[in-house]
Amino acid sequence: MKKEDLPQDPGALDKFTREVCYVKNDDGKYETALSKGWDVKKQALDSAWEEVNERVEEARKAVANGEKSPVYYFMELRLMDLPVLSGYTGIFPFFIKRHFKPSVFKDLSERKLEKYARAFDITVSELKNFKG
Amino acid sequence: MNIDSQTDEFHHVQTAHCENGVTTALLRYHGLDFMTEPLAFGMGSGLFYIQIPFLTVNNGPAISFRTMPGAIFKRTCKSLGVEVTRKKFSNPASAEAFLDQKVKEGVPVGCQVGVFHLTYFPKEYRFHFNAHNLIVFGEENGRYQISDPVMEDVTSLSKEDLSRVRFAQGPLAPKGHIYFPEKIKPVTDDMIRKGIVSGIRRNVRDMLSIPGNFAGVNGIRHTSNHVRKWRDKLGLRKASLYLGQIVRMQEEIGTGGGGFRFLYGAFLEEAAAYLQDDRVANISEDFTKAGDMWRSSAIKMAGVYKGRLTEQKDFEEIADMMLDIRMVEKEAFQKLSSLKLGK
């Protein structure tokens, strides 16, 4: 890539930092230049977030309809999946899956609820009382 | 080179990739002023390609354009005869105590962190990605001074915030991983040349003859075959999200795949100067070409996830582009191999 071809499309990194890129100068040698961003990347990131937001919305509806427990919603909200949530809580994925069921969730011990709440960065009452 | 003249002050280095940056900045701090990002990347055999089987990341394919996290630092230091200390911890309190000790001694250290809770990152970038690297180089007003190589300037983190990202969970969990050069002996030009040669040879081996079909240059073909099937198998929507994931793995800050090819080109250019060998400089052009081709493929993929391209033939075209890239990279590494450097 030639230096003059380096894209400068402001994206999510704008006002945060610019990125170092390796580009060819006029003498055909490599040097570094700073880029504000590139639309192609920005759109990839945007579409990833659209997908996240949709998953969160679907999870919210599932809780509202009584199909899933709040654990499922907050897992999606915090961009987690089973292995990540298992890492933060120390609860095995098999059990987490059970805790997605509203009927199992309502009988969860205070200790387990605290583990989830800490992983999600919320209070236990926020977790318990989330209705979708 | 006089190692005793070690610079007292730590200098922030901004780089394209975090681990290269940490390696470069730490080695420079310890007096190895010749160290540059391309050199660290090349000596550490950083260029790679792998689509990890059966694993999904953020609900998409797990593709990496670089070698394993930690390998670049380890290999580059080893080839320069630098002794390294690395530690992982089972609990945050002892990890923090060890870090505080190092800070008190005035030693800058590298830390592996997760980005999800990294407060100074923009929210859009904060996914559960655990192989980011930064340097802690001091403490001021109860906050750690941080040099994050992808940032233009230094920044800071509170004790709680740093502890949190050092104990991020999930795949590649850092477990408080901390590392720094321990003992540095004088480095001769001959050692640098040897390091360059062994870095290139290891990279040739990794890309050309790694077993299995999902890594090295063959890994590119593996993904290409997948891309052809995605539209039928997953439906257009999911297939386009998968392509978006490839582009993010490829071009995004800290993971840039197209960018890594340019970086390797820059390394070969520097290597040619050290080795006094124009043949190496010529092969640098092939990597520039590969980098440009990765970027063109990203533009094409963007057409799909923007919803402009929707046909199977578009997926076929992307898959074909990847096969072309594979050929360019394969030939480039074969050329490097046939130079018989160091023999």
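With respect to the stated conditions, A:D14 is surrounded by fewer than 14 Cβ atoms within 10 Å (Cβ to Cβ), at the interface with another protein chain (Cβ under 9 Å from one of its Cβ atoms), closer than 28 Å to B:N130 by Cα and free of Cβ contacts under 8 Å to residues at least 60 places away in the same chain. Among the residues of the range B:201-209, is there at least one that is surrounded by fewer than 20 Cβ atoms within 10 Å (Cβ to Cβ), among the aliphatic types (A, V, I, L, M), touching a helix residue (DSSP H, G or I) at 6+ places or on another chain (Cβ under 6 Å) and within 20 Å of B:K340 (Cα to Cα)? Yes, some residue in the range B:201-209 is surrounded by fewer than 20 Cβ atoms within 10 Å (Cβ to Cβ), among the aliphatic types (A, V, I, L, M), touching a helix residue (DSSP H, G or I) at 6+ places or on another chain (Cβ under 6 Å) and within 20 Å of B:K340 (Cα to Cα).
Give the range B:298-318 a look and list any residue that's in contact (Cβ under 8 Å) with a residue 40 or more places away in the chain and within 26 Å of B:G265 (Cβ to Cβ), or say none. Answer for the range B:298-318, where residues must be in contact (Cβ under 8 Å) with a residue 40 or more places away in the chain and within 26 Å of B:G265 (Cβ to Cβ): B:A298, B:M301, B:A302, B:I318.
Within the range B:130-236, which helices (runs of 4 or more DSSP H) (wholly inside it) include 3 or more residues that are within 14 Å of chain A (Cβ to nearest Cβ)? The qualifying helices (runs of 4 or more DSSP H) are B:159-166.
To keep it simple, each residue is scored yes or no on (1) within 25 Å of B:E139 (Cα to Cα); (2) touching a residue at least 60 places away in the same chain (Cβ under 8 Å); (3) assigned to a loop (DSSP other than H, G, I, E, B); (4) more than 22 Å from the chain's Cα centre (by Cα).
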site	(1), (2), (3), (4)
B:H12	yes, yes, yes, no
B:L27	yes, yes, no, no
B:F34	no, yes, yes, no
B:F41	no, yes, no, no
B:F48	no, yes, no, no
B:P53	no, yes, no, no
B:C77	no, yes, no, no
B:V107	yes, yes, yes, yes
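Checked against (1) in contact (Cβ under 8 Å) with a residue 12 or more places away in the chain; (2) assigned to a helix (DSSP H, G or I); (3) closer than 17 Å to B:G60 by Cβ, A:Y88 passes all but condition (3).
Kindly provide the set of residues from the range A:36-81 that are outside any helix (DSSP H, G or I), free of Cβ contacts under 8 Å to residues at least 60 places away in the same chain and farther than 22 Å from B:L241 by Cα, ordered by number. Listed by number, the residues that qualify are A:K36, A:G66, A:E67, A:K68, A:S69. Taking the range A:45-74 as the range and being at the interface with chain B (Cβ under 9 Å from one of its Cβ atoms), among the hydrophobic types (A, V, I, L, M, F, W, C) and surrounded by fewer than 19 Cβ atoms within 10 Å (Cβ to Cβ) as the test, the residues that pass are A:W49, A:V52. B:C18 satisfies every condition listed in (1) within 14 Å of chain A (Cβ to nearest Cβ); (2) under 19 Å from the mean Cα position of the chain (by Cα); (3) surrounded by fewer than 16 Cβ atoms within 10 Å (Cβ to Cβ); (4) not β-branched (V, I, T) except (3). Selection of the range A:25-44 for residues being modelled with pLDDT of 90 or more and within 7 Å of another protein chain (Cβ to nearest Cβ) yields A:K29, A:Y30. From the residues in the range A:78-96 that are surrounded by 19 or more Cβ atoms within 10 Å (Cβ to Cβ) and under 20 Å from A:N53 (Cβ atoms), which one is farthest from the other protein chains (Cβ to nearest Cβ)? Per the criteria, the residue is A:L85.
When B:P69 is tested against (1) within 14 Å of another protein chain (Cβ to nearest Cβ); (2) surrounded by fewer than 24 Cβ atoms within 10 Å (Cβ to Cβ); (3) in contact with an Asp or Glu (Cβ under 8 Å, 6 or more places away or on another chain); (4) of a type outside the set (A, V, I, L, M), exactly one condition is not met: (1). Residues in the range B:119-127 include none that are buried (at least 23 other Cβ atoms within 10 Å of the Cβ) and either more than 8 Å from chain A (Cβ to nearest Cβ) or over 22 Å from the mean Cα position of the chain (by Cα) (or both). Does B:E316 satisfy being surrounded by fewer than 18 Cβ atoms within 10 Å (Cβ to Cβ) and at pLDDT 95 or above? Here the answer is yes, as B:E316 does meet what is asked.
The values are calculated or read from the model by the stated rules, or taken from the named source; none is laboratory data. Remember, it's a predicted structure, so these values are computed and weren't measured experimentally. Cβ atoms come from the backbone with ideal geometry, glycine included; neighbour counts cover every protein chain shown.
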